[in-house]
1. Please name all residue pairs, on different chains or six or more residues apart, with Cβ atoms under 6 Å, provided the first residue is in the stretch 123-149 and is within 25 Å of Gly85 (Cβ to Cβ) and among the small types (Gly, Ala, Ser) and the second residue is more than 16 Å from ligand 2 (Cβ to nearest atom) and at pLDDT below 95.
2. Which count do you get for residues in the stretch 22-43 that are among the small types (Gly, Ala, Ser) and surrounded by fewer than 16 Cβ atoms within 10 Å (Cβ to Cβ)?
3. Could you give me the residue pairs with C-beta distances under 6 Å whose first residue belongs to the stretch 57-72 and is more than 10 Å from Arg29 (Cβ to Cβ) and at pLDDT 95 or above, whose second residue is among the β-branched types (Val, Ile, Thr) and in a helix (DSSP H, G or I) wherever it lies, and which are 6+ apart or on separate chains?
4. Of all the residues that make up the stretch 39-54, how many are in contact (Cβ under 8 Å) with a residue 12 or more places away in the chain, on the phi < 0 side of the Ramachandran plot and not β-branched (Val, Ile, Thr)?
5. Among residues belonging to the stretch 98-114 that are without any contact (Cβ under 8 Å) to a residue 40 or more places away in the chain and within 12 Å of the chain's Cα centre (by Cα), point out the one that is nearest to ligand 1 (Cβ to nearest atom).
6. Would you check which residues across the stretch 81-97 are closer than 27 Å to Ala21 by Cα and assigned to a loop (DSSP other than H, G, I, E, B) and list them?
7. On the given criteria, is Ala78 within 18 Å of Leu23 (Cβ to Cβ) and free of Cβ contacts under 8 Å to residues at least 60 places away in the same chain?
8. Can you name the condition, by its number, that Val100 falls short on among (1) more than 19 Å from Leu14 (Cα to Cα); (2) in a loop (DSSP other than H, G, I, E, B)?
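The values are calculated or read from the model by the stated rules, or taken from the named source; none is laboratory data. These numbers were taken from a predicted model, which means no experiment stands behind them. Methodologically, a virtual Cβ is constructed for each residue, glycine included, from the backbone with ideal geometry; neighbour enumeration extends over all protein chains shown.
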Amino acid sequence: MDVARAVDPPLNALTQDLRAAGLRATGPRLLVLRLLRERRGHHSADDLTAALAASGETLLRGSVYNVLGSLVDSGLVAVADAGPGRTLYEASTGWHHHFVCSECGSVLDVPCVVGAKPCLEAGLGDAEVTEAQVIFRGRCPSCATAAGR
Ligand SMILES: [Zn+2]
Ligand SMILES: [Zn+2]
(Lines give C-alpha, C1' and ligand atoms only; values in the text may rest on other atoms or scores of the structure.)
(Ligands and ions follow the chains in the order given, each with its own letter.)
Protein backbone atom coordinates (compact mmCIF):
# COMPACT_ATOMS: atom_id res chain seq x y z
CA MET A 1 0.00 0.00 0.00
CA ASP A 2 1.22 3.45 -0.89
CA VAL A 3 0.87 5.18 2.44
CA ALA A 4 2.20 8.53 1.28
CA ARG A 5 -0.59 8.67 -1.26
CA ALA A 6 -3.26 7.19 0.96
CA VAL A 7 -2.84 9.40 4.00
CA ASP A 8 -2.10 13.02 3.32
CA PRO A 9 -2.43 16.17 5.43
CA PRO A 10 -2.97 14.95 9.00
CA LEU A 11 -0.26 12.34 8.51
CA ASN A 12 2.23 14.07 10.76
CA ALA A 13 -0.19 14.52 13.63
CA LEU A 14 -1.37 10.93 13.31
CA THR A 15 2.17 9.61 13.09
CA GLN A 16 3.17 11.61 16.14
CA ASP A 17 0.18 10.40 18.14
CA LEU A 18 0.89 6.78 17.23
CA ARG A 19 4.55 7.12 18.20
CA ALA A 20 3.69 8.95 21.41
CA ALA A 21 1.42 6.00 22.25
CA GLY A 22 4.31 3.62 21.68
CA LEU A 23 3.12 2.26 18.32
CA ARG A 24 4.87 2.17 14.97
CA ALA A 25 3.00 4.32 12.46
CA THR A 26 2.08 1.57 10.00
CA GLY A 27 -0.13 2.26 6.99
CA PRO A 28 -3.13 0.31 8.34
CA ARG A 29 -2.93 2.06 11.73
CA LEU A 30 -2.78 5.47 10.07
CA LEU A 31 -5.76 4.65 7.87
CA VAL A 32 -7.99 3.36 10.66
CA LEU A 33 -7.09 6.13 13.14
CA ARG A 34 -7.61 8.81 10.50
CA LEU A 35 -10.98 7.37 9.54
CA LEU A 36 -12.21 7.29 13.14
CA ARG A 37 -11.06 10.85 13.77
CA GLU A 38 -12.50 12.22 10.54
CA ARG A 39 -15.86 10.52 10.81
CA ARG A 40 -16.23 10.95 14.56
CA GLY A 41 -19.01 8.96 16.12
CA HIS A 42 -19.10 5.22 16.72
CA HIS A 43 -18.26 2.56 14.15
CA SER A 44 -18.05 -1.22 14.04
CA ALA A 45 -15.07 -3.00 12.51
CA ASP A 46 -17.33 -3.93 9.59
CA ASP A 47 -18.33 -0.28 9.04
CA LEU A 48 -14.65 0.68 9.01
CA THR A 49 -13.68 -2.13 6.64
CA ALA A 50 -16.46 -1.10 4.25
CA ALA A 51 -15.60 2.60 4.48
CA LEU A 52 -11.96 1.88 3.70
CA ALA A 53 -12.93 -0.31 0.75
CA ALA A 54 -15.24 2.45 -0.54
CA SER A 55 -12.33 4.90 -0.44
CA GLY A 56 -10.13 2.47 -2.36
CA GLU A 57 -8.10 1.10 0.56
CA THR A 58 -8.38 -2.63 0.88
CA LEU A 59 -7.73 -3.79 4.41
CA LEU A 60 -8.93 -7.24 5.34
CA ARG A 61 -11.41 -7.40 8.18
CA GLY A 62 -8.87 -9.33 10.24
CA SER A 63 -6.32 -6.56 9.78
CA VAL A 64 -8.87 -3.97 10.82
CA TYR A 65 -9.52 -5.96 14.00
CA ASN A 66 -5.80 -6.26 14.70
CA VAL A 67 -5.29 -2.55 14.17
CA LEU A 68 -8.27 -1.70 16.39
CA GLY A 69 -6.85 -3.96 19.09
CA SER A 70 -3.52 -2.16 19.15
CA LEU A 71 -5.17 1.28 18.99
CA VAL A 72 -7.46 0.39 21.90
CA ASP A 73 -4.55 -1.01 23.92
CA SER A 74 -2.63 2.20 23.35
CA GLY A 75 -5.57 4.39 24.37
CA LEU A 76 -5.92 6.20 21.04
CA VAL A 77 -9.22 4.47 20.33
CA ALA A 78 -11.92 3.50 22.80
CA VAL A 79 -14.58 0.82 22.73
CA ALA A 80 -17.90 2.63 23.09
CA ASP A 81 -20.00 0.90 25.73
CA ALA A 82 -23.44 1.06 24.14
CA GLY A 83 -24.93 -2.20 25.34
CA PRO A 84 -25.40 -5.47 23.46
CA GLY A 85 -24.78 -5.63 19.75
CA ARG A 86 -21.82 -4.94 17.54
CA THR A 87 -18.69 -3.63 19.21
CA LEU A 88 -18.40 0.07 18.42
CA TYR A 89 -15.13 1.98 18.31
CA GLU A 90 -14.45 5.71 18.51
CA ALA A 91 -11.42 7.96 18.57
CA SER A 92 -10.69 8.61 22.26
CA THR A 93 -12.18 11.86 23.48
CA GLY A 94 -12.16 11.32 27.22
CA TRP A 95 -14.50 9.50 29.54
CA HIS A 96 -18.14 9.88 28.54
CA HIS A 97 -21.39 7.95 28.34
CA HIS A 98 -23.71 6.97 25.51
CA PHE A 99 -27.32 7.46 24.56
CA VAL A 100 -28.78 4.70 22.39
CA CYS A 101 -31.92 5.55 20.44
CA SER A 102 -34.42 2.72 20.74
CA GLU A 103 -36.01 3.71 17.41
CA CYS A 104 -33.22 4.43 14.93
CA GLY A 105 -30.35 2.85 16.86
CA SER A 106 -28.13 5.90 16.68
CA VAL A 107 -25.50 6.22 19.40
CA LEU A 108 -24.83 9.70 20.77
CA ASP A 109 -22.17 10.85 23.20
CA VAL A 110 -23.34 12.05 26.60
CA PRO A 111 -20.81 14.14 28.51
CA CYS A 112 -19.95 12.79 31.94
CA VAL A 113 -20.72 15.40 34.58
CA VAL A 114 -17.71 14.21 36.58
CA GLY A 115 -15.47 13.63 33.56
CA ALA A 116 -13.40 10.82 35.04
CA LYS A 117 -13.87 7.26 36.23
CA PRO A 118 -15.55 6.22 38.43
CA CYS A 119 -18.29 8.80 38.21
CA LEU A 120 -20.85 7.01 40.38
CA GLU A 121 -20.64 5.49 43.83
CA ALA A 122 -21.73 1.87 44.14
CA GLY A 123 -22.62 2.06 47.81
CA LEU A 124 -20.92 -1.29 48.48
CA GLY A 125 -18.76 -0.35 51.40
CA ASP A 126 -15.15 -1.28 50.75
CA ALA A 127 -15.69 -2.28 47.10
CA GLU A 128 -13.13 -0.67 44.80
CA VAL A 129 -15.03 0.76 41.85
CA THR A 130 -12.88 1.38 38.77
CA GLU A 131 -15.61 2.61 36.48
CA ALA A 132 -19.37 3.02 36.23
CA GLN A 133 -20.88 3.05 32.77
CA VAL A 134 -24.34 4.50 32.22
CA ILE A 135 -26.25 3.81 29.03
CA PHE A 136 -29.04 6.26 28.33
CA ARG A 137 -31.91 4.91 26.23
CA GLY A 138 -34.92 6.53 24.65
CA ARG A 139 -35.70 8.57 21.55
CA CYS A 140 -32.91 10.62 20.04
CA PRO A 141 -33.65 14.28 19.20
CA SER A 142 -34.57 13.58 15.59
CA CYS A 143 -36.82 10.61 16.41
CA ALA A 144 -38.45 12.58 19.25
CA THR A 145 -39.08 15.49 16.88
CA ALA A 146 -40.50 13.15 14.24
CA ALA A 147 -42.75 11.46 16.83
CA GLY A 148 -44.03 14.81 18.08
CA ARG A 149 -45.42 15.83 14.70
ZN1 LIG B 1 -33.42 7.97 16.76
ZN1 LIG C 1 -18.76 7.96 22.38
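1. Matching pairs, first to second residue: Ala132/Pro118; Ala132/Leu120.
2. Adding up the residues that qualify gives 2.
3. These pairs meet every condition: Val64/Thr49.
4. Number of matching residues: 9.
5. If we take residues in the stretch 98-114 being without any contact (Cβ under 8 Å) to a residue 40 or more places away in the chain and within 12 Å of the chain's Cα centre (by Cα), then Leu108 is nearest to ligand 1 (Cβ to nearest atom).
6. Correct list: Asp81, Ala82, Arg86, Thr87, Ser92, Thr93, Gly94, Trp95.
7. Yes.
8. (2)
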